[in-house]
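**Q** Shown below is the structure under consideration.
Nothing in this text is a laboratory measurement; each read-out follows from the coordinates by a stated rule. Please read all numbers here as calculations on a predicted model, not as lab measurements. Neighbour counts run over all protein chains shown; Cβ positions are idealised from the backbone, glycine included.
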Amino acid sequence: MFALRRVASAARKVSTCGSLAPICALVLCATILTAPATGLAAQADIEALPSFAEPGISPDGSEVAFVSGGDIWTVSTQGGAARLLVAHSGNESRPLYSPDASRIAFNSDRDGGLDIYVIDLGDGSVSRLTYASGSEQLNGWSRDSQWVYFSSSDQDISSVSDVYRVRASGGMPFTVAADKYETEFFAAPGPDEGVIAISTRGNMARGQWWRNGHAHIDEAEIWLVREGTPPTYSPLTTGGKNSWAMWDDAGERVYFMSDRSGSENLWSVPADAAGMGGEQRLTNFTEGRVLWPTIAIDRPLVAFERNFGIWTYDAASGRAAELDINLMGSVEGPRPEVENMTDGFSGLAVSPDEKKFAFVARGEIFAGSMEGDAPAARVTDTPPAESDVTWSSDSDEIAYVSWRNGTPQLFAYDFPTEQERQLTDSPSRDDNPRFSPDGRYLAYNRAGQELRVIDMESGQDRSLARRTSGSGSYAWSPDSKWIAYAGRTDEFNNAMVVSIDGGMPRQVSFLANTNFGSLNWSSTGEYLVFRTGQRTEPGKLVRVDLIPLTPTFQEDRFWDLFNEEQTERRPERAERVRAEEPEVSETPEAPADVEIDFDGIRRRGNLVDLDFSVGAVLLSPDGEHAAVSGQDGLHYVTFEPDGGVDVRPLGDRGQGGGRGGGASMQFSKNGRDLYLLRRGRINVMNVASGNTRSISTSAEVDVDFERDKTAVFEQGWGEMRDGFYDDQFHGADWDAVRETFAPRVAGAKTRAELNRLMNLMLGELNASHLGHRGGGGGARAEQTGKLGLRFDRVVFENDGRFQVAEIIELGPAHVEGSIELGDYLLEVNGTELTGSTNLNQVLAGAPGEKAAILVSANANGSGPREVELQAISTGAERQLVYRAWVESRRAYVDELSEGRLGYVHIASMSQGALDQLIFDLDQGNHGKDGVVVDVRNNNGGFVNVYAIDILARQNYFTMESRGGTVAPSRVQLGQRALLAPTILVTNQHTLSDGEDFAEGYRTLQLGKIVGEPTAGWIIYTGSVSLVDGTSVRMPRTKIRDTRGQVMERNPRPVDIEVERPTGESYLGRDSQLERAVEELLVQLRARTTTSR
């Protein structure tokens, strides 16, 4: 085999030429480099420490169940030896004792999604309670141990969660607190039946509980909900982030976590406080987190998570202390595996002699023969990631980027000598290396803002240009004497050129655009091409002629037609001509000196006329053609002498590189073939026919969690060090954060535990748009089918029957039409529905499938009839619920305004939401005197400027055809414009680009804003992949308003503040819309008075 796998503490090389003679003959003697272990695992002074989390205290306060290594343990509240209770390959979390101490409920992803399970402490049996497609977060038990409460977004809009309960013995869950489009979570059933305490409003306090520090979007309130029809809501405590309510045994006080003092602590409040005060601070921490607290029933002893440990707080003594815990058991983490990858490769580079290739597989460099049909040879063997591989001009050496020293640095490997050498050792990140055509130099980017070059013979490393664009796009001239690169020119990005000898860079394009990529220098040296554009706009191809080119006149082309006709009349001449001509254009010889005429170069830049949005661009070796991606496929572009272009499809749709600059596209030397990665496999496409053949190869990679976890942590921490938008890290000591988390990462036992630690680390930044993704350990969740029905909770819980209480408009049951309110479902797909049936379990895997329903109008099941419905997905049903909510808000505004006002809701700032806005601003809304624009719960995106334009555009002339209607030009000429007064409604969950929209609305003085200040969650962000395939979100770009205020953590204010009370939807009211309608009508009356 090619790839040998070994772990070593020092760099060494292992030649594999003996078994690879055919490859070695191509000077590809495979050597495996085992890098010095300079990462976390090699630091002998770091002791691997376990993490303890999410404690659940027993009813009598004698022991605590907690999570470590993804399994559940129990330990005395005095500390000591902990025994393993639940062990599974999935990730277990949130263990909670039943009040009668007979069972523990817990969360697990063992079957895919986050579901709820119960273990019987008597016989050890485990049963599953929930089966919905999404996540069900366990909250607590009823005091009689009969019901389990949890929060889930299964039936509400978007990711908004409601509170449910399900019988501990099994059955169908039902909502007990489900205010429409409002988050309700962390429910705590009280000692009195029918009363629960919930957290509400602070959606991020639920989903990103791991954030450390205060932010407006995290502010959650604790409310009491009393069962009834409808349920009644009353505030208990507000101000700050308030979570994890807990009742004392008498039901007289509620304990909770709050950051209202500036740091997270335990507090309590009288149960009858009704939001009027009386809160008491119990602990006095000045830093750190207080997470997942639970309280005993028999005495006021609270257990909570803090600083990777389990703590208790005794309300009687006022003492908080950490438990000293020793794990007496073994957690089996992921076992090391060898994976034989045949796809999923990235960063393809074909050697100039076209005999070899190199690519990246799971962060390692591999190389192989273009003949294929053999495994690739491993070149590197380091836990940290390698990337950006490139070949030298003689095809003997590769250069690449490695994270092995804690920051991206350049390395080179020479195959004939089997030697690796480090090329750069800067504390700044170095990447994107490319050899000059003559092989003498290696250019690269430093810190995303500097272009540098290394003399490969002398090793001299020097700077050529600064203020380079973050795109990092650059290209060598064919004579190796110039480099063209993307440079920052004021707020725009343009093409610059700089001599390899140094000197002042010169600007050669002058576009007012921000997007730039795929910079190419033609092989003749005469022109550059690159992609340019603005965010969300189609990409354009630009050509810049470096010297004035002699034009080809149309009359010359006309006389050439006669030569073509003579050839057609005399076939024997055509054959002779073809025999004399090469089959394809030969690659021109590189010019001795590339000439650049800077005089008048501004006028020599032109857009290339293409009818699709340009993605990646790659010039052919002859300089007359280009492969260009766009519209889900590749195109072959021919540059004609008169400046025109000929475009034809190249292969099937869906082939080719995306926007990334064509790094994985490469022409053969003669231009006949195109090497590319397709679905992570190496392919060769014939340019003439478009036919594609695959090069069969494989790469053996190690999947070893114990080895990889350090590299993942170091890379994730390092990416934030280099890329986070604030170089002061929001006040966090980022080096100290690394030192704090390093021992815990070393002690992590599972991928899910590592994922949790990564998020806690990122949470130290107290920033928006953060998170570590892809670190779960469970199987893929099975999707649950939905019928578009809701059932009566009281009937089910009392009688075990599924009585229809709601039919969702346009859902499967509504479309079919025969099921009515009050009907009873008796069977689904042959399964009898009883009080122990969970319909989500019955419909598991059913989206898109027909569901056979037996239904009756009578509770006793008499007169049953058969109905066939086509089940839909949870996401599809949520969208129907959302559209029904929008229509109800539109009708509400219409009723309040007596038909004068229209209404639109913008759910996000995505392209789909923009299209929906245009659709919803229909003839009815255009005919109104004014429109209420609602961006509550808008979760951001990228199209705020286009949505603002619709409201901001004004008309300046009218149009009227003979016999037609007078109409404003803005509408007639195709630019979307409302041309009516508006008012904007926001809330705490209006975030990101939704807040940009609100700021634009205020700055442009389009109208007043009603509701609540927005989230303060405003950074432009991206994502960075890590060595194990997971990723971290990267907040890269600071946003300021026109006054200079940083918008991150600074909510956008409102003109008229109206706080919507939780539970209001049960009353059929919307106080924020009421106030918006009232204000807009006042403005309309004032306009009328003024016009008179």
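**Q** Just add up the charged neighbours of Ile950: K/R +1, D/E -1, any other residue whose Cβ is under 14 Å from the Cβ of Ile950. Present the calculation step by step, with values, prior to reporting the outcome.
**A** On the way: positive: Arg953, Arg970, Arg976; negative: Asp915, Asp920, Asp922, Asp949.
Neighbour charge sum, excluding Ile950 itself: -1.
**Q** Another one. Would you be so kind as to identify which of Val647, Leu789, Gly213 lies farthest towards the positive end of the dipole of the chain, taking Lys and Arg as +1 and Asp and Glu as -1 on Cβ and the Cα centre as origin?
**A** So the residue we want is Gly213.
**Q** Where does each of 515-527, 664-676 land if you order them by average Cβ count within 10 Å, highest first? Kindly include the intermediate steps, with their values, before the conclusion.
**A** On the way: 515-527: 23.1, 664-676: 20.6.
With the highest mean Cβ count within 10 Å placed first, the list reads 515-527, 664-676.
**Q** Right, here's the next one. Neighbour counts of other C-beta atoms within 10 Å: give me Trp223, Trp885 arranged from fewest to most.
**A** Details: Trp223 26, Trp885 16.
Ascending Cβ contact count within 10 Å gives the list Trp885, Trp223.
**Q** With unit charges on the beta carbon (Lys/Arg positive, Asp/Glu negative), name the residue among Gly1044, Tyr903, Leu511 whose Cα is farthest towards the positive pole of the charge dipole of the chain.
**A** After comparing all options, I get Gly1044.
**Q** Then there is this: Which of the lysines could a cross-linker bridge to Lys928, judged by Cα under 20 Å and excluding same-chain residues fewer than eight apart?
**A** Of all the lysines, those that pass the test against Lys928 - Cα under 20 Å, at least 8 places apart if same chain - are Lys1008.
**Q** On a 0 to 90° scale, report how tilted helix 705-723 is relative to the longest principal axis of the chain, with both axes built from alpha carbons and the result rounded to the nearest 10.
**A** 80
**Q** About its Cα centre, how strong a charge dipole does the chain have in debye, to the nearest 20, once Lys and Arg get +1 and Asp and Glu get -1 at the Cβ? Write out the running numbers ahead of the final one.
**A** Numbers: 107 positive and 157 negative charges, 269 e Å.
The dipole of the chain has a size of about 1300 debye.
**Q** Please sort 738-749, 1049-1060 by packing, taking for each peptide the average over its residues of neighbouring beta carbons within 10 angstrom, highest first. Walk me through the numbers before you get to the answer.
**A** Numbers: 738-749: 20.2, 1049-1060: 17.8.
Sorting 738-749, 1049-1060 by mean packing, highest first, produces 738-749, 1049-1060.
**Q** Related question: Where Rh denotes the Kirkwood radius from the mean inverse Cα pair distance, what is Rg over Rh for region 700-773? Each step should come with its number before you reach the end.
**A** On the way: Rg = 12.6 Å, Rh = 12.8 Å.
Ratio of gyration radius to Kirkwood radius: 0.98.
**Q** To continue, here is another question. Please order Met504, Met758 by the number of other Cβ within 10 Å, starting at the fewest. Mind dumping the intermediate values first?
**A** Numbers: Met504 7, Met758 26.
Lowest count first: Met504, Met758.
**Q** Can you grab the distance from the C-alpha centre of region 385-407 to the C-alpha centre of region 989-1025, Å, no decimals?
**A** 42
**Q** Looking at the P(r) of region 53-328, how many percent of alpha-carbon pairs lie beyond 33 Å? Intermediate results must be reported in sequence, preceding the final value.
**A** Working: 4790 of 37950 pairs.
In whole percent, the share of Cα-Cα pairs in region 53-328 beyond 33 Å is 13.
**Q** Follow-up. Can you pull out the trypsin sites (Lys or Arg not before Pro) in region 958-1041 that DSSP calls coil and that have at most 11 other Cβ atoms within 10 Å?
**A** Working: sites: Arg962, Arg970, Arg976, Arg1002, Lys1008, Arg1033, Arg1036, Lys1038, Arg1040; in loops: Arg962, Arg976, Lys1008, Lys1038.
Hits after loop and neighbour filter: Arg962.
**Q** Something else now. Calculate the length of the line joining the C-alpha centroid of region 812-857 to that of region 947-963, in whole Å.
**A** 51
**Q** Per the helix-only calculation at 222 nm, which mean residue ellipticity applies to the chain, given -39500 (n - 2.57) for every DSSP H run of n ≥ 4 and division by its residues, nearest 500 deg cm²/dmol? Walk me through the numbers before you get to the answer.
**A** On the way: 17 runs with 178 residues, N = 1092.
Mean residue ellipticity, 222 nm, calculated: -5000 deg cm²/dmol.
**Q** A further question follows. Choose one of Gly974, Pro231, Ala168: the residue whose Cα lies farthest towards the positive end of the charge dipole of the chain (beta-carbon charges +1 Lys, Arg; -1 Asp, Glu; about the Cα centre).
**A** Result: Gly974.
**Q** For the chain, what mean projected area does the convex hull of the alpha carbons give, in nm²? Intermediate values should be presented prior to the final figure.
**A** Details: hull surface 213.5 nm².
Across all orientations, the chain yields a mean hull projection of 53.4 nm².
**Q** GluC sites (Glu not before Pro), restricted to region 183-227: which are DSSP loop and have at most 16 other Cβ atoms within 10 Å?
**A** Details: sites: Glu184, Glu193, Glu219, Glu221, Glu227; in loops: Glu193, Glu219, Glu227.
Qualifying residues, ordered by number: Glu193, Glu227.
**Q** I've got another one for you. Would you list, by chain and number, the lysines whose Cα falls below 24 Å from the Cα of Lys786, excluding same-chain residues fewer than 8 positions away?
**A** Lys180, Lys850
**Q** Going by how many other Cβ atoms sit within 10 Å of their own, how do Ile483, Ile807 line up, fewest first? Walk me through the numbers on the way to the answer.
**A** Numbers: Ile483 25, Ile807 21.
Placing the least packed residue first, the sequence is Ile807, Ile483.
**Q** Residue by residue through region 738-744, which ³J(HN,Hα) values in whole Hz follow from phi under the Karplus form 6.51 cos²θ - 1.76 cosθ + 1.60 (θ = phi - 60°), with glycine and proline marked x?
**A** 4, 5, 5, 8, 4, x, 6
**Q** Below 8 Å between Cα atoms, with a sequence gap of 6+, how large is the relative contact order for region 789-872 in percent?
**A** Details: 155 pairs, mean separation 21.6, N = 84.
Once normalised by length, the contact order is 26 percent.
**Q** Under a point-charge model restricted to the Cβ atoms of Lys and Arg (+1) and Asp and Glu (-1), what is the dipole moment magnitude of region 789-872 relative to its Cα centre, in debye to the nearest 20?
**A** On the way: 5 positive and 13 negative charges, 21 e Å.
So the magnitude is around 100 debye.
**Q** Where does the charge balance sit around His216 when Lys and Arg score +1, Asp and Glu -1, over other residues with C-beta under 14 Å from its C-beta? Before the final figure, lay out the partial values.
**A** Values: positive: Arg201, Arg211, Lys241, Arg260, Arg1049, Arg1052; negative: Asp218, Glu219, Glu221, Asp259, Glu995, Glu1012, Glu1048, Glu1057, Glu1059.
Summing Lys and Arg as +1 and Asp and Glu as -1 gives -3.
**Q** Right, another one. From the phi angles alone, apply the Karplus equation (6.51, -1.76, 1.60; θ = phi - 60°) to region 800-809 and give each ³J(HN,Hα) in whole Hz, x where the residue is Gly or Pro.
**A** Calculated HN-Hα couplings, in order: x, 10, 9, 9, 5, 10, 7, 10, 6, 4 Hz.
**Q** Hey, can you rank 764-771, 391-398 by average C-beta count inside 10 Å, highest first? Mind showing how you got there, number by number?
**A** On the way: 764-771: 21.5, 391-398: 19.6.
Packing order, densest peptide first, comes out as 764-771, 391-398.
**Q** Working from Cα positions, state the angle (0 to 90°, nearest 10) between the long axis of helix 571-580 and the longest principal axis of the chain.
**A** Value to nearest ten degrees: 80.
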